[in-house]
1. Using alpha-carbon pairs under 8 Å, 6+ residues apart, how would you state the relative contact order of chain A in percent?
2. Please give, to one decimal in nm, the separation of the simple spin-label points placed at B:Ser153 and A:Gln92, each 7 Å out from Cα toward the Cβ.
3. Which residue, A:Ala160, A:Ala14, A:Ala190, has the most motion in a Gaussian network model of chain A that connects Cα atoms within less than 10 Å?
4. A:Glu139 to A:Ile185: FRET efficiency via 1/(1 + (r/R0)^6), r the Cβ-Cβ distance, R0 35 Å, to the nearest 0.05?
5. State, to one decimal in nm, how far the label point of A:Arg22 lies from the label point of A:Arg40, with both points 7 Å from Cα in the Cβ direction.
6. Pull up all non-local amide H partners of A:Ala116: gap of 5 or more, or a different chain, and H-to-H distance under 5 Å with H placed in the peptide plane.
7. Can you list, by residue number, the Cys in the protein assembly as shown that have no neighbouring cysteine C-beta under 4.7 Å?
8. What do you get for the angle between helix B:22-49 and the principal long axis of chain B? Use alpha-carbon atoms, 0 to 90 degrees, nearest ten.
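No value in this document is a laboratory result; all are computed from the given coordinates. All of these numbers come straight from a predicted model, not from anything done at the bench. Here the Cβ positions follow ideal geometry from the backbone for every residue, glycine too, while neighbour counts run over all protein chains shown.
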Amino acid sequence: MSGGLGAEFPGLRADWLCCQCRNHRCDSGVGERLARLASRFSGRQAIELRQQQVPAAYRSFFRQVGIDPDQHPTPIEQAVLGRLLSGGNLPQDRISDGLLLALLETSVPVVAFDAAAVSSPIEIRAAERGEVVAGLGVEPGTLLLASAEQPLCQLFSPPAPPLSAGLESERLLLVAVIVPGVSAIASDEALTIAAAAISGG
Amino acid sequence: MAALLIDHGVGSELPAQLGLGSGEAAARSTLRAQVAQLDRLLSAAACEAFPDRLDLPVLPARGPRLQSLGELELLRDALIGSLRQAREALATRELERTAARELLEQMLLDPAKYRRLRIAQSELGVGGCGVWSVMPRLGPMGRLMGWWRVKLSSGCPLAA
């Protein structure tokens with residue numbers, strides 16, 4: 001079934017980028033950019049976001065793989081909803097802030113793995129019978145992010161420790177899930193923004 | 001702190017080995033395109049409905065996974081139903097707004113006939129919190145004398 005993914009969704013892929021993070025404290029420059037981005041979204045813009053090209057591509061993909069984006073919003077819609085509910089983009093830590101910045105700037109979701117536990121290349125494939133992700137069995141056919149060695153997480157779900165990047169992680173593997181209709185430029189931009197924000201470059 | 005980028009990979013697009021008959025592959029492709037198109041139309045309806053919220057049925061979700069042909073057909077049919085419901089809701093709302101606008105015109109022409117009637121700006125499809133209401137001019141004196149007028153309240157309360 002995983003072999004059929006390419007025919008079913010031409011352009012679906014995972015792109016990745018390695019970076020370093022020696023300081024996990026929030027970066028004031030990133031915090032300012034997040035605060036500026038927070039003022040970009042009102043209630044109307046949060047709704048109209050779904051008509052823009054990249055968010056619309058993720059919504060369509062969600063529908064096509066059996067997720068209702070009105071019940072489980074796409075990452076960008078979830079982030080904007082979170083901003084509206086919390087009243088702003090509150091800084092958390094350098095990794096979370098970098099990932100949120102990349103998402104808000106490009107609408108492309110990026111997840112961070114600890115490069116000590118996960119190695120590239122990363123692929124998207126369907127789960128096989130008996131596979132376990134984060135200690136839990138997954139239904140065969142569920143779409144996963146996986147390395148050559150192991151399944152990493154369910155597609156569009158956050159990775160769990162010890163694979164996810166945490167406060168002890170120094171080398172990170174950033175992974176962007178690109179769906180049909182999203183350009184390679186958007187993917188490059190998302191990964192570069194996240195890496196620069198996390199590594200402080 | 002300088003960025004140290006040590007690896008950068010672009011995932012190769014997944015291999016095309018669907019192993020299905022060309023007829024089924026074409027049907028799946030058509031259904032996926034229809035689902036995407038219906039989602040765009042639903043998104044447009046949701047934007048048109050703002051600030052109201054469209055109450056659409058929750059679709060059964062069992063993802064993320066490759067959907068079977070039957071599941072794609074069910075999803076397409078459910079989305080068509082949702083879109084029909086959304087358009088009906090928008091049409092009903094437009095009828096209500098038209099009726100409210102006509103009533104406001106009548107109120108403005110003959111306030112005394114519509115004493116104490118109130119129409120909110122939101123009922124007219126206009127932003128803001130203002131309310132059109134028929135009130136007596138000069139309070140109790142106006143009420144006794146039959147001096148009625150239409151007044152628009154000043155709008156949204158200031159934030160505390």
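1. The value is 35 percent.
2. Placing both labels 7 Å along Cα→Cβ, they lie 4.0 nm apart.
3. Comparing A:Ala160, A:Ala14, A:Ala190 in the GNM, the peak value goes to A:Ala160.
4. Working: r = 35 Å, r/R0 = 0.99.
Calculated transfer efficiency: 0.50.
5. If labels sit at A:Arg22 and A:Arg40, their model points lie 3.1 nm apart.
6. Residues meeting the criterion, in which the H sits 1.01 Å from N, are A:Arg171.
7. A:Cys18, A:Cys19, A:Cys21, A:Cys26, A:Cys153, B:Cys47
8. 20
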